Amino acid sequence: MKNHPQWHPLEDRYFDPDPAERRVAMELYKSVADLPIISPHGHVDPRLLADENASFGTPADLLIIPDHYVFRMLYSQGIPLENLGIPRKDGGPVEKDHRKIWQTFADHFYLFRGTPTGVWLADELHSVFGIEEKLTGKTAPSIYDQIEAKLKLPPFRPRALFKRFNIEVMCTTDAATDPLTHHRAIRKSGWDGNVRPTFRPDAVTNLLTPDWRDNINALSKASGICVDSYPTLIKALEDRRVFFKSMGATATDHAAETAHTAELSSSEAENIFQHALSGKTNADDAKRFIAHMIMEFARMSIEDGLVMQLHVGSIRDHNDLIYKRFGANMGADIPSQSEFTKNLWPLLNKYGNDSRLTLILFNLDESTYSRELAPLAGHYPAVRLGPPWWFYDSINGMKRYLDRVMETAGLHNTAGFNDDTRAYPSIPARHDLWRRVSANWIAGLVVRGIVDMEDAREMAMDMAYRLVKKAYKL
Amino acid sequence: MKNHPQWHPLEDRYFDPDPAERRVAMELYKSVADLPIISPHGHVDPRLLADENASFGTPADLLIIPDHYVFRMLYSQGIPLENLGIPRKDGGPVEKDHRKIWQTFADHFYLFRGTPTGVWLADELHSVFGIEEKLTGKTAPSIYDQIEAKLKLPPFRPRALFKRFNIEVMCTTDAATDPLTHHRAIRKSGWDGNVRPTFRPDAVTNLLTPDWRDNINALSKASGICVDSYPTLIKALEDRRVFFKSMGATATDHAAETAHTAELSSSEAENIFQHALSGKTNADDAKRFIAHMIMEFARMSIEDGLVMQLHVGSIRDHNDLIYKRFGANMGADIPSQSEFTKNLWPLLNKYGNDSRLTLILFNLDESTYSRELAPLAGHYPAVRLGPPWWFYDSINGMKRYLDRVMETAGLHNTAGFNDDTRAYPSIPARHDLWRRVSANWIAGLVVRGIVDMEDAREMAMDMAYRLVKKAYKL
Amino acid sequence: MKNHPQWHPLEDRYFDPDPAERRVAMELYKSVADLPIISPHGHVDPRLLADENASFGTPADLLIIPDHYVFRMLYSQGIPLENLGIPRKDGGPVEKDHRKIWQTFADHFYLFRGTPTGVWLADELHSVFGIEEKLTGKTAPSIYDQIEAKLKLPPFRPRALFKRFNIEVMCTTDAATDPLTHHRAIRKSGWDGNVRPTFRPDAVTNLLTPDWRDNINALSKASGICVDSYPTLIKALEDRRVFFKSMGATATDHAAETAHTAELSSSEAENIFQHALSGKTNADDAKRFIAHMIMEFARMSIEDGLVMQLHVGSIRDHNDLIYKRFGANMGADIPSQSEFTKNLWPLLNKYGNDSRLTLILFNLDESTYSRELAPLAGHYPAVRLGPPWWFYDSINGMKRYLDRVMETAGLHNTAGFNDDTRAYPSIPARHDLWRRVSANWIAGLVVRGIVDMEDAREMAMDMAYRLVKKAYKL
């Protein structure tokens, strides 16, 4: 135990320590460890896969600058984001020396002890880049050199890693107005990687989005429909869904601060939309409009078969200074209380009994897992629960999810795993962690006599591979 | 481990895997495994015990059609309730072939992997019916035959199982207006099973109950008091409590959406009641009236000694389509956030210091366990906590309850276990599960040096038998 | 296992049972077990340390009468507080025979099975007083004799125990108006114990405090500034902070029902304050004023460097009868739902990015741990999380805290441990429990391959000693 090398991840990592349970966990894990990765929801930039020669840049470009999981922790300890090379909106000076950024990160890598980011990175450095040393301030330069050298080699280009990672299908997240240029390029290129877009219309349906008017114009342009009324908005959105489907999309994604749903009359919807067009939206209008649009999107999903994902519970851009200086998605989105039982009532009463709808729910308030989400998913044919999201995509987060959800919802009302990441090289580490934690959880059921090994093997396969394919129609 | 037979439940099932802890758990479990069952709260139909020749019907009549835990899970996966033989309110066609219903259930029994229903059923089939095979689509016909044959034998009649299950006392749940005909018949029959009614007045005190007016008429008839005013309502309720006590009742049961309590003046109460009699109730009136009546029932309990149970936190009949087509209690009741600290303030300030009152609280919002319920029970002499309810009557549900409640409330401010079931043959499986999980929890305290074996044995006995008898005055 | 003696606490108590994990836990625990105690927040009366001959009185004076953790549990089972010698505000009769009080306590010591009070007392009786018997009704008289005899000996005087307990620094909690007479006496006495005051201004900033007007007068007197306006209030508080700092204070402490913050204009603040001075405060004014003052105190902390502690979430004096008869802090403070993400928004947007501020947050609503507190602490440079508070200063409370907080906030955004106690002889037992539970938690990470032993040793040292010194600037 004296010299357990974290930087060389253990074969039986993340398993509970009881030897009998660990044996079962290992058997189950091995049965699914090499299955292909299904990644139905994430934020990888499709540009990386559109160009066969695309490169990740420097180690800091790859692992620090785009990853708000990483830099928000350093910021919390007083390290300015400028020191980490995060670009300022005003173009003000930020650190340009990527070796220096890497050194700052490595000097503070102790901050990630016991965090998901810490274990993903340890796994990534070893498994993807073959690093044999532990990342510390002292080893930082040598590790930087090794990664930098690897990143220049063809096997470390995005498409090569896609194959090496054994990704069967990857879905990106794309604005409703996106022409899907990179997706087109991927298709045209003849490369056989299965990359699909996901339809995300928030920027046009959330009336408070900065530049909302520009987004509406972009929607008009993209759809060829002049969006100047509520009916033309609906028509343009439906049109874009047809296009996304034609490009391989099987799902949509929607974010909202709450799960509030409520149907407006056509004239109410039109009034609110016209107010917005004339620049007079208020918070209440925006809230009512999104509540209505969530229901509209459920209707469209029933009609066109696209799976509907709903992510709620985050107060975006909580830190005004960071938002003004660096923009959105800078690690300052903070969860808040959520409610589903009452908020989803209108939607579920109208569409919840319809098996043509698959509504996958994600949230950041774990107190709703056993109280609201599991009972809803365990009753309504349309409802499935997404995996633990964001801060909860972690060993303990997954354990709490499995503990609180599965007894009531049952495994088959959940949607397997997704990595939801823009950190491309962390994808295998994230899926591996899920497969290990799942195997460990099922092993806990086996050693307690709750399920037998025959069922356990089926459950491991469901959690690693089958449930997600089925839920997302992939 | 290869062929661990779930359908033959393990001797040490549900225990944590550490061998030392498991040895202690087994010793504690064995010390209470054969104690009689105290079932102070449940929904068994007393008719089953009133007629010495009553039969359970077919396997589907027994295990599927009346059990919303079972059919809501099948429904969540798109199986129409009609296919499971659930009677429609409009008399529309439903499946009548009980073998076919059983087959549908068995084909989908994998949905119950890792759920309480799954382990109860596995235990029940083996321990009550002697089934040696695992339930699957393939074994379904043979298992149906075996159960069907058993159900025709005298040892499988309700009264015989009552004795075989070693039930010392069972309390049913009965409307305030119920003439308790079956309870009378049980008493008259000379059979020595101890079956007692519980006084449940919700249908007359919740002004929004469908057919509320009919219930008031029924109360007038049952009490012989013309209920045409608030004072006569109170008098009639008090009269019925006297009658229930004379029939053996030791407790009342009250359900409310929230734990809100607030006293009305007599004239306010009278005004609301007269409005209701004239058919003009609104939601706010109903809410204020129930908040007041909960306090009135606490007063009555202090006077007549009946233990008061309060169940809160469920949004009943969330799925309108299911309610309209099949009625209430069809697996579509969904929990919602609860609050006790502020809601119970009026009641506890008036009656909470009075040891003559025993107020047993049940709820479906686990975030209140450590935050509100345990601190309240650990202070007010009148408050006791009921066991984990409904979705939480499960291995993990019990672990969370014990983890979050016991350090603050202490064991002696809890009320032991109750099964709360209408699924009669599952009663031993449910109590056995509680006794195992309790023993395992206490063993966890022993191996951590928190309690010694002398205390542990007392705690096991308290949890299995003594606390519930004391709390319910049985 | 048959005769495991709880009253002789086990060497490996509180550790999880897996032998491999236990070995690691023991190694880590041993590396920190003998470190000095840092007690940055508590309620020990400084008078005890001001007088070198101060005595604790009888065993009941020491262990029962001042400890609301103890007597609230006895009260919950119907034992009148009068029987436990708790003084009545009206001077009415209470039990004076301390042997009888001790006997009542011992007769009911079974109520504390599995509670933190139970394990602290078992440890205390053994480790501080050398008791070799288990406390029961039968052993009560003999144990009383032994403690009583010890308490008369010089090694059991407060200052001697301070040294024996190896307390490096202890901070008391003191009203803003307190002349710190005992702290002066300690300094003058030449005794080298490091005892520091903490600035707690609640009694002057909570306008609803009974005797608020008297507290303002006391503030005028203490500061020499006539507090007759909002500006003079601010000036007087700043003046007192200077004085507290001069007496060694490094921190302030603030309690509020909620974490609500919102800045008032100077004229609004003045209006509310003048209303209060003229005796016309209402609940809304008081709420707005405290929300504003919390922000003012953050500003002062940035200016003078005092660490700011904020405790929220308790409904004080929930039981009116107990409050009227016995006063405040009688075990009848009950937690309620808390919210931080929205409530702290104004304060964090104004001051949260300023590393000169250290804002340590405490709360009683565990659902906020992973949802709000850990994400806030994992982003804002000014925020640190206090250890589990009050009811959660327990084995399970700590486990839940570590499980839910650490993955997102990281260890270095937490503030180590504090005992928050007025039960002086329980201090070593409380810190020992934290060190054991921490070591056990870290061992869980080691055996799961999440951290290596090198990191684990650093984490153990951080949790036992370094983080608290750094957070409180001690």
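The values are calculated or read from the model by the stated rules, or taken from the named source; none is laboratory data. All figures in this text were calculated on a predicted structure; none of them were measured in a lab. For neighbour counting, all protein chains shown are included, and Cβ atoms are generated from backbone atoms with ideal geometry for every residue, glycine included. With ligands, DNA and RNA removed, areas are computed over all heavy atoms of the protein, side chains included. Shrake-Rupley method; radii C 1.70, N 1.55, O 1.52, S 1.80 Å.
Just to verify a result, which residue in region A:396-429, among those that are closer than 23 Å to B:S394 by Cα and β-branched (V, I, T), is surrounded by the most Cβ atoms within 10 Å (Cβ to Cβ)?
Here the answer is A:T408.
Just to be sure, is A:A218 at pLDDT 95 or above and under 27 Å from A:N363 (Cβ atoms)?
no
Among the residues of region B:117-133, is there at least one that is without any contact (Cβ under 8 Å) to a residue 12 or more places away in the chain, over 22 Å from B:I322 (Cβ atoms) and either in the same structural domain as B:I322 (by TED's automatic domain parsing) or touching a helix residue (DSSP H, G or I) at 6+ places or on another chain (Cβ under 7 Å) (or both)?
Yes; the residues of region B:117-133 include at least one that is without any contact (Cβ under 8 Å) to a residue 12 or more places away in the chain, over 22 Å from B:I322 (Cβ atoms) and either in the same structural domain as B:I322 (by TED's automatic domain parsing) or touching a helix residue (DSSP H, G or I) at 6+ places or on another chain (Cβ under 7 Å) (or both).
(1) on the phi > 0 side of the Ramachandran plot; (2) more than 7 Å from every other protein chain (Cβ to nearest Cβ): which one isn't true of C:G410, the others all being true?
(2)
In region B:252-265, is there at least one residue being of a type in the set (D, E, K, R), touching a His at 6+ places or on another chain (Cβ under 9 Å) and open to solvent by 70 Å² or more (accessible area, probe 1.4 Å)?
Yes.
Across region C:433-460, what is the total count of residues that are touching a helix residue (DSSP H, G or I) at 6+ places or on another chain (Cβ under 8 Å), within 12 Å of another protein chain (Cβ to nearest Cβ) and assigned to a helix (DSSP H, G or I)?
19
Of everything in region A:380-391, what is more than 10 Å from chain B (Cβ to nearest Cβ) and either over 22 Å from the mean Cα position of the chain (by Cα) or without any contact (Cβ under 8 Å) to a residue 24 or more places away in the chain (or both)? Give them in sequence order.
A:P388
Within region B:52-66, how many residues are surrounded by fewer than 19 Cβ atoms within 10 Å (Cβ to Cβ) and in a loop (DSSP other than H, G, I, E, B)?
5
Only one of C:P154, C:P179 is within 30 Å of C:A222 (Cβ to Cβ) and of a type outside the set (D, E); which?
C:P179
Which condition from (1) crowded, with 20+ Cβ neighbours inside 10 Å; (2) free of Cβ contacts under 8 Å to residues at least 12 places away in the same chain is the one that B:D320 breaks?
B:D320 satisfies every listed condition except (1).
Out of all the residues in region A:280-291, is one or more crowded, with 22+ Cβ neighbours inside 10 Å and closer than 25 Å to B:S314 by Cα?
Within region A:280-291, none of the residues are crowded, with 22+ Cβ neighbours inside 10 Å and closer than 25 Å to B:S314 by Cα.
Tell me the residue from C:I294, C:I315 that is free of Cβ contacts under 8 Å to residues at least 60 places away in the same chain, assigned by TED's automatic domain parsing to the domain that holds C:L233, touching a strand residue (DSSP E or B) at 6+ places or on another chain (Cβ under 8 Å) and within 29 Å of C:P80 (Cα to Cα), please.
The match here is C:I315.
Among B:T181, B:T205, B:T136, B:T209, which is the only one that is open to solvent by 30 Å² or more (accessible area, probe 1.4 Å) and over 23 Å from B:A423 (Cα atoms)?
After applying the criteria, what remains is B:T209.
Can you tell me which residue among C:S426, C:S394 is touching a residue at least 40 places away in the same chain (Cβ under 8 Å) and at the interface with another protein chain (Cβ under 8 Å from one of its Cβ atoms)?
C:S394
Would you mind finding the one in A:A377, A:A460 that is touching a residue at least 60 places away in the same chain (Cβ under 8 Å), among the aliphatic types (A, V, I, L, M) and open to solvent by less than 10 Å² (accessible area, probe 1.4 Å)?
Exactly one of A:A377, A:A460 is touching a residue at least 60 places away in the same chain (Cβ under 8 Å), among the aliphatic types (A, V, I, L, M) and open to solvent by less than 10 Å² (accessible area, probe 1.4 Å), namely A:A460.
Going by the structure shown, is C:T250 touching a residue at least 40 places away in the same chain (Cβ under 8 Å) and touching a Cys at 6+ places or on another chain (Cβ under 9 Å)?
Here the answer is yes, as C:T250 does meet what is asked.
State yes or no: is C:I334 of a type in the set (V, I, T), within 14 Å of chain B (Cβ to nearest Cβ) and over 24 Å from C:T198 (Cβ atoms)?
The answer is yes for C:I334.
Quick one: is B:P93 in a loop (DSSP other than H, G, I, E, B) and surrounded by fewer than 14 Cβ atoms within 10 Å (Cβ to Cβ)?
When the stated conditions are applied, B:P93 passes them.
Which of (1) assigned to a helix (DSSP H, G or I); (2) under 27 Å from A:V451 (Cα atoms) is the odd one out, the single condition B:E82 does not satisfy?
Result: B:E82 passes all but (2).
Out of contact with any Ser or Thr (no Cβ under 9 Å at 6 or more places or on another chain) and open to solvent by 10 Å² or more (accessible area, probe 1.4 Å), is that true of A:E303?
yes
Filter region A:25-51 for residues that are assigned to a loop (DSSP other than H, G, I, E, B) and closer than 30 Å to B:P17 by Cβ and give the result.
Hits for region A:25-51 are A:A33, A:D34, A:L35.
Name the residues in region B:151-166 that are assigned to a helix (DSSP H, G or I) and open to solvent by 60 Å² or more (accessible area, probe 1.4 Å), would you?
Passing the criteria: B:P154, B:P155, B:K163, B:R164.
Look at region C:340-369 and say how many of its residues are at the interface with another protein chain (Cβ under 9 Å from one of its Cβ atoms) and more than 25 Å from the chain's Cα centre (by Cα).
The total comes to 4.
May I ask you to verify whether C:R448 is closer than 19 Å to B:R448 by Cα, without any contact (Cβ under 8 Å) to a residue 40 or more places away in the chain and among the basic types (K, R)?
The answer is no for C:R448.
Does A:F243 meet the test of being among the aromatic types (F, W, Y), under 26 Å from the mean Cα position of the chain (by Cα) and open to solvent by 20 Å² or more (accessible area, probe 1.4 Å)?
yes
State which residue is farthest from A:S246 (Cα to Cα) when the search covers only region A:202-224 and only residues that are among the acidic types (D, E) and without any contact (Cβ under 8 Å) to a residue 40 or more places away in the chain.
Of everything passing the filter in region A:202-224, A:D211 is farthest from A:S246 (Cα to Cα).
Does B:I315 count as within 19 Å of B:F340 (Cβ to Cβ) and within 14 Å of another protein chain (Cβ to nearest Cβ)?
yes
Please verify whether C:A33 is small (G, A, S), within 19 Å of C:L433 (Cα to Cα) and surrounded by fewer than 17 Cβ atoms within 10 Å (Cβ to Cβ), treating the condition exactly as stated.
So C:A33 passes the test.
Is there any pair with a first residue in region C:142-170 that is touching a residue at least 12 places away in the same chain (Cβ under 8 Å) and a second that is of a type in the set (K, R) whose Cβ atoms are under 8 Å apart and which are 6 or more apart or on different chains, and what are they?
Listed pairs, sorted by first residue: C:Y144/C:R99; C:F156/C:K150; C:V169/C:R196; C:M170/C:R196.
Taking the stated definitions as given, is B:F297 closer than 13 Å to B:Y230 by Cβ and either open to solvent by less than 70 Å² (accessible area, probe 1.4 Å) or among the hydroxyl-bearing types (S, T, Y) (or both)?
Spelling it out, it is not the case that B:F297 is closer than 13 Å to B:Y230 by Cβ and either open to solvent by less than 70 Å² (accessible area, probe 1.4 Å) or among the hydroxyl-bearing types (S, T, Y) (or both).
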